[in-house]
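Presented below is the structure to which this report refers.
The values are calculated or read from the model by the stated rules, or taken from the named source; none is laboratory data. Just so we're clear, the structure is a prediction, and the values are computed from it rather than from any experiment. Ideal geometry is used to build each Cβ from the backbone, glycine not excepted, and the neighbour counts take in all protein chains shown.
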There are 2 protein chains.
Amino acid sequence: MDLIITNANILTLDNEDRILFGSVLVEDGIIKEIGRVRTDNKKKVYRVLDAEGAFLLPGFVQTHVHTGQTLFRGMADDVELLDWLNKYIWPLEAAHNERSVYESARLSILEMIASGTTTFLDIGLVHNTESILRALSESGARGVICKMLMDGDGIPKGLAQDNSESLSEIRFLKEKYHRGCNGRIMIGVGPRFALSSRERSLVEAAEFARGEGLIITTHSSENIKEVLSIRDRFGLSNIAFLNKCGVLGENSVIAHCIWLEPSDLEILKDSGTSVAHCPSANLKLASGFARVPEMLKYGIEVTLGADGAPCNNNLNMFNELRLAALIHKPRTGPVNMNAKTVLRMATIGGARALGLDSEIGSIEIGKRADLIVVNNRGIHTNPVDNIYSTIVYSSMGSDVSCVVVDGNIIYQNGTHYLWDLDEIVRKSNEEKGRLLKRL
Amino acid sequence: MDLIITNANILTLDNEDRILFGSVLVEDGIIKEIGRVRTDNKKKVYRVLDAEGAFLLPGFVQTHVHTGQTLFRGMADDVELLDWLNKYIWPLEAAHNERSVYESARLSILEMIASGTTTFLDIGLVHNTESILRALSESGARGVICKMLMDGDGIPKGLAQDNSESLSEIRFLKEKYHRGCNGRIMIGVGPRFALSSRERSLVEAAEFARGEGLIITTHSSENIKEVLSIRDRFGLSNIAFLNKCGVLGENSVIAHCIWLEPSDLEILKDSGTSVAHCPSANLKLASGFARVPEMLKYGIEVTLGADGAPCNNNLNMFNELRLAALIHKPRTGPVNMNAKTVLRMATIGGARALGLDSEIGSIEIGKRADLIVVNNRGIHTNPVDNIYSTIVYSSMGSDVSCVVVDGNIIYQNGTHYLWDLDEIVRKSNEEKGRLLKRL
């Protein structure tokens, strides 16, 4: 059924950053009117959602998450990145099966929806990608699900896969799922990071992604040891090495980019590559502070992601908004990373990074209706002075009262349209228990 | 009526950091039994609260807040500290009246309670302290309310007050309110910071506080310009200057302590002074990173506070817990500031700073029952691996389902026992409007 959301404080996040009071009319999943909406001469029946003065925003777009890791929440606190990977995350990922991945993905996607994320880029897992796709399909959310590639030396047996096999599996997934569910589902290519793929595999993966018109994503320059190891092995910065392999480009999203060399900024900018900034994870793993204000000034598209539950430990975009606004101020001054800048990174910026900005990322006529209603009557958000400030500095995930994707209400007042929250919590605990036994 | 909380995962935060499953029995506001509770041979009637497996913690203790500033939430984003004070906060504070302070305090205290804070140290305002005390008394929470002292040069007319007048007002407040409401209410002395009081006034205030057995609190070493200005004027570090004035000591809580000189650590330690670390505010005002891990290693009592709504922009301890755990890791490594350390700062550490650790700060037999129930069934907190990690890294303010102070349930499932949330939001907006007209 078509939808009218009335009495909303609408943050459009369009090019003029217009804020309007009024309604949004949605037909066939597309935004048809904004502001003053006249339905009196129309014959159709609409579902009416009274926002009662709440904020209406475009849904958040996260450009870097690991839905396969959410069962491992809180299991690897207070360790260094490379230990975190080798001793905890890789063995845990290798112990996954079809069911545990499905429950991990359901839990992840539901946490994201409940805190306002409507689109995400998942760097995925080596195996059981179809479990994630099944969860995404049921969830009603929008996502780019990458199959992860790992074929370098020293990869645990359960995670290593021959590159040609990986790419042919992605081809299969693309044919079966890409732009399915009315376009909500997309397939991508996710080499884990430079040290976990052979150089030739990176070249092949990049060529493949470009040829098929798919997003490619990877981690880079997250940790000083990682960067030094790549320079040692290839004589290049991590970013320059990825560029040499063809991984950078307009279809490319690179997570972290903390330990950049000065020339890396130019490479990122010239190649049209987007960056996924993950402040919680960068702090928790003691990786460092990405030079986000400098990247933005340079014209690089910097977007936001929560990364994984074992290094965050949430998938809640409000945490990342607040941190992205706060943590760069001591170094660059209090005026940098203001609330509006950060909110644009989390919406239209993310949509641009995924090549979806003609479809989502702002509230504009002709775009798909991916919308969130954020309650503004909270004790913790009042008085409201500036709406951007309220969203970024004062609101929390639980203020999201309604989530619309493609014109469909998929979450409202704590209830998902299809999934039972308590059942998902219970099943995720059960599957975690079984996974630990397999380990 | 006396209270039994059953089926709780009890984080005692006692000296052994015991975690128990079971019940807590409260009589006359005092914790009488923990764990296995036998009521069969007792004749009394108890109120039973079934925690249904949720976490039961001591309520959080915030050691630095400004309840008088909450009406100004979001009104002074993205400016430097000294501008923030002179151009925004001081003129706004000077425009307060009795009613606006009361509404500001109600909003503040309710936000704190709803997110699990049961005790706070408020540095207060120069005028209308009784409005804050009225709000605290009604709220059911516990607090040390300081009257703020400002009598230096360049203080706006509406804020400056002769020091002897200030101290005699504190004496009056002490006699009327101190340890009233069954001990919940305490009075303190709050010179704003070294630059806004005459040196002699600081000496007098410190002597007064020590003589009367009251907490004294001030801001120090928050901003590089502030520190340089004090060194310029007095030839001492900010901390050494406060020490010279007698302000430091076991009854003293100093907020921020970012720009410390090496010898300041020794002064803080030797004097038994506690530090209130305010991570959100320090980031937002670009003040810098306090050397918290170093202070803790040195044996200094470092505690947590949200500071004020215009520099945070919340009064939610969960934000400060998460930030305190995260922001020091890039500099000092991922093992520092682990979840348990931070949670102890937020509970028993805060209680020690306020001289209340024999009464509150942990769940132990004989202590007063200041307790919070934190829901652990959330999509965003599951699976739970380590309870400290869940509280610090994954939980949010809205997970607090019940708040008990002095054995009384003062907040449960979004409802305060006395105050109407919607009315407080409405009135705070009205009073903010009137205040802006007066400005």
Of A:E250, A:E199, the only residue that is of a type in the set (D, E), touching a residue at least 60 places away in the same chain (Cβ under 8 Å) and either outside the structural domain of A:K284 (by TED's automatic domain parsing) or surrounded by fewer than 24 Cβ atoms within 10 Å (Cβ to Cβ) (or both) is A:E250
Region B:415-430 - residue that is within 9 Å of chain A (Cβ to nearest Cβ) and either touching a Ser or Thr at 6+ places or on another chain (Cβ under 9 Å) or aliphatic (A, V, I, L, M) (or both) and, of those, farthest from B:S115 (Cα to Cα)
B:S428
Being of a type in the set (D, E) and farther than 20 Å from B:D370 by Cβ is the filter; apply it to region B:129-155 and report the residue that is farthest from the chain's Cα centre (by Cα).
B:D153
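Would you check if there is a residue in region B:117-128 being over 22 Å from B:C311 (Cβ atoms), in the same structural domain as B:R73 (by TED's automatic domain parsing) and more than 15 Å from the chain's Cα centre (by Cα)?
Our first condition is that a residue be over 22 Å from B:C311 (Cβ atoms); within region B:117-128, this holds for B:118.
The next check asks that each one be in the same structural domain as B:R73 (by TED's automatic domain parsing); those that pass are B:118.
Narrowing the set further to residues that are more than 15 Å from the chain's Cα centre (by Cα) leaves none.
Checked region B:117-128: no residue is over 22 Å from B:C311 (Cβ atoms), in the same structural domain as B:R73 (by TED's automatic domain parsing) and more than 15 Å from the chain's Cα centre (by Cα).
Is it the case that region A:340-351 has a residue that's at positive phi, surrounded by 24 or more Cβ atoms within 10 Å (Cβ to Cβ) and away from every other protein chain (no Cβ under 14 Å)? Give the steps one after another, and end with the answer.
Initial filter on region A:340-351 (at positive phi): none.
Within region A:340-351, none of the residues are at positive phi, surrounded by 24 or more Cβ atoms within 10 Å (Cβ to Cβ) and away from every other protein chain (no Cβ under 14 Å).
State which residue is surrounded by the fewest Cβ atoms within 10 Å (Cβ to Cβ) when the search covers only region A:365-408 and only residues that are hydrophobic (A, V, I, L, M, F, W, C) and more than 20 Å from the chain's Cα centre (by Cα). Quick ask: steps written out before the conclusion?
Narrowing region A:365-408 to residues hydrophobic (A, V, I, L, M, F, W, C): A:365, A:369, A:371-374, A:379, A:384, A:387, A:391-392, A:396, A:400, A:402-405.
Those still in the list that are more than 20 Å from the chain's Cα centre (by Cα) too: A:365, A:379, A:384, A:387.
On the way: A:I365: 12, A:I379: 28, A:V384: 20, A:I387: 22.
Per the criteria, the residue is A:I365.
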Residue by residue through region B:349-388, note down the ones that are closer than 30 Å to A:Y411 by Cβ and either touching a strand residue (DSSP E or B) at 6+ places or on another chain (Cβ under 7 Å) or aliphatic (A, V, I, L, M) (or both).
B:I372, B:V373, B:V374, B:N375, B:N376, B:I379, B:V384, B:I387
Return the residue satisfying two criteria in turn: it lies in region A:304-333 and is facing chain B (nearest Cβ under 7 Å) and surrounded by fewer than 23 Cβ atoms within 10 Å (Cβ to Cβ), and of such residues it is nearest to A:Y388 (Cα to Cα).
A:K329
Residue satisfying condition, being among the small types (G, A, S) and not in a helix (DSSP H, G or I), within set B:G350, B:G355
B:G355
When only residues in region A:32-80 that are among the β-branched types (V, I, T) and crowded, with 24+ Cβ neighbours inside 10 Å count, which is nearest to A:R377 (Cα to Cα)?
A:V61
Every residue in region A:86-105 that is of a type outside the set (D, E, K, R), out of contact with any Leu (no Cβ under 6 Å at 6 or more places or on another chain) and surrounded by 24 or more Cβ atoms within 10 Å (Cβ to Cβ), please.
A:H96, A:V101, A:A105
Quick count over region B:381-414, residues being at the interface with chain A (Cβ under 10 Å from one of its Cβ atoms) and charged (D, E, K, R), is 2
Which numbered condition trips up A:F55, out of (1) over 14 Å from A:C311 (Cα atoms); (2) at pLDDT below 95?
(2)
Condition check: within 21 Å of the chain's Cα centre (by Cα) and touching a residue at least 12 places away in the same chain (Cβ under 8 Å). Does A:V227 satisfy that?
no
Among residues belonging to region B:179-193 that are touching a residue at least 12 places away in the same chain (Cβ under 8 Å) and more than 23 Å from B:H96 (Cα to Cα), point out the one that is surrounded by the most Cβ atoms within 10 Å (Cβ to Cβ).
B:R184
Consider region B:149-170. How many of its residues are more than 16 Å from B:N128 (Cβ to Cβ) and surrounded by 14 or more Cβ atoms within 10 Å (Cβ to Cβ)?
5
Quick one: would you say A:D151 is assigned to a loop (DSSP other than H, G, I, E, B), free of Cβ contacts under 8 Å to residues at least 24 places away in the same chain and either touching a Ser or Thr at 6+ places or on another chain (Cβ under 9 Å) or assigned by TED's automatic domain parsing to the domain that holds A:E175 (or both)?
no
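Just one of A:L125, A:L159, A:L173 is part of a helix (DSSP H, G or I) and of a type in the set (A, V, I, L, M, F, W, C); which is it?
Working: A:L125 fails: part of a helix (DSSP H, G or I); A:L159 fails: part of a helix (DSSP H, G or I).
Unique residue meeting the criteria: A:L173.
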Identify, by number, the condition in (1) within 10 Å of chain B (Cβ to nearest Cβ); (2) more than 20 Å from the chain's Cα centre (by Cα); (3) in contact (Cβ under 8 Å) with a residue 24 or more places away in the chain that A:R438 doesn't meet.
(1)
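Given the criteria buried (at least 21 other Cβ atoms within 10 Å of the Cβ), of a type in the set (D, E, K, R), over 15 Å from B:V126 (Cα atoms) and within 14 Å of chain A (Cβ to nearest Cβ), does B:D83 qualify? Steps first, answer last, please.
Numbers: buried (at least 21 other Cβ atoms within 10 Å of the Cβ): no; of a type in the set (D, E, K, R): yes; over 15 Å from B:V126 (Cα atoms): yes; within 14 Å of chain A (Cβ to nearest Cβ): yes.
So B:D83 fails the test.
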When (1) out of contact with any helix residue (DSSP H, G or I) (no Cβ under 8 Å at 6 or more places or on another chain); (2) over 20 Å from B:P383 (Cα atoms); (3) at pLDDT 95 or above are applied to A:D83, the one that fails is (3)
